[in-house]
1. Touching a Lys or Arg at 6+ places or on another chain (Cβ under 9 Å), open to solvent by 30 Å² or more (accessible area, probe 1.4 Å) and small (Gly, Ala, Ser): is that true of Gly75 in this structure?
2. In the range 97-123, how many residues are in contact with a Ser or Thr (Cβ under 9 Å, 6 or more places away or on another chain) and closer than 13 Å to Leu80 by Cα?
3. Which pairs do you get when a residue that is under 18 Å from Arg111 (Cβ atoms) and open to solvent by less than 40 Å² (accessible area, probe 1.4 Å), found in the range 41-70, comes within reach of a residue that is part of a helix (DSSP H, G or I) and β-branched (Val, Ile, Thr), reach meaning Cβ atoms under 7 angstrom, with the pair 6+ apart or on two chains?
4. Between residues in the range 108-132 that are on the phi > 0 side of the Ramachandran plot and residues that are assigned to a helix (DSSP H, G or I) and open to solvent by less than 50 Å² (accessible area, probe 1.4 Å), which pairs lie under 6 Å by C-beta distance while being six or more apart or on different chains?
5. Can Ala31 be described as modelled with pLDDT of 95 or more, at positive phi and either open to solvent by 30 Å² or more (accessible area, probe 1.4 Å) or among the small types (Gly, Ala, Ser) (or both)?
6. For the subset of the range 79-95 comprising residues that are in contact (Cβ under 8 Å) with a residue 40 or more places away in the chain and under 14 Å from Tyr126 (Cα atoms), which member is surrounded by the fewest Cβ atoms within 10 Å (Cβ to Cβ)?
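The values are calculated or read from the model by the stated rules, or taken from the named source; none is laboratory data. The structure displayed is predicted, hence computed values, not measured ones. We place every Cβ from the backbone using ideal geometry, glycine too, and count neighbours over all the protein chains shown. For the accessible areas, the whole protein counts, side chains as well, though only heavy atoms, and no ligand, DNA or RNA atoms are used. Shrake-Rupley method; radii C 1.70, N 1.55, O 1.52, S 1.80 Å.
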Amino acid sequence: MLQPRSVSAGSFSPDEIGAAALTAFFNITAAWGLSAEEERTLLGAPPRSTFFKWKSEKSARLSADTIERISYVMGIYKALRILLPTEEAANQWIKKPNAARGFNGKSALQRMLGGRVIDLADVRRYLDAERG
């Protein structure tokens, strides 16, 4: 008989966490219409061979940095779903110029593609503030 597992992070293997994170990440970036190079940048610029293995297999033991980056992307995605009236509007928002402080007329995607974790964190923080 199968025993139910708790849903704490400690009950999942690093490979299971990596697979779930990569699946979510690539589903989000597909909805946003991102290129492979944009996806690589958001993930912290892993080697091309590693990136394409992750993309095809959607399975890997990920570093804490990569998990953190994916977590920010997931939070941004969720915040947009809450803030905007339609899925289409939410998916398009990241590519639109933004006059808000910290964006300097650039899109959220341009900000996130700065390559640093703080770039992702700043976009997430902005959206969380907009949510109130």
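1. Working: touching a Lys or Arg at 6+ places or on another chain (Cβ under 9 Å): yes; open to solvent by 30 Å² or more (accessible area, probe 1.4 Å): no; small (Gly, Ala, Ser): yes.
Here the answer is no, as Gly75 does not meet what is asked.
2. Selection size over the range 97-123: 0.
3. Correct list of pairs: Leu42/Val73; Leu43/Thr66; Gly44/Thr66; Arg69/Val117.
4. Once the first residue is on the phi > 0 side of the Ramachandran plot and sits in the range 108-132, its partners that are assigned to a helix (DSSP H, G or I) and open to solvent by less than 50 Å² (accessible area, probe 1.4 Å) give Gly115/Thr41.
5. Numbers: modelled with pLDDT of 95 or more: yes; at positive phi: no; either open to solvent by 30 Å² or more (accessible area, probe 1.4 Å) or among the small types (Gly, Ala, Ser) (or both): yes.
No: the conditions fail for Ala31.
6. Among those residues, the one meeting the criterion is Ile82.
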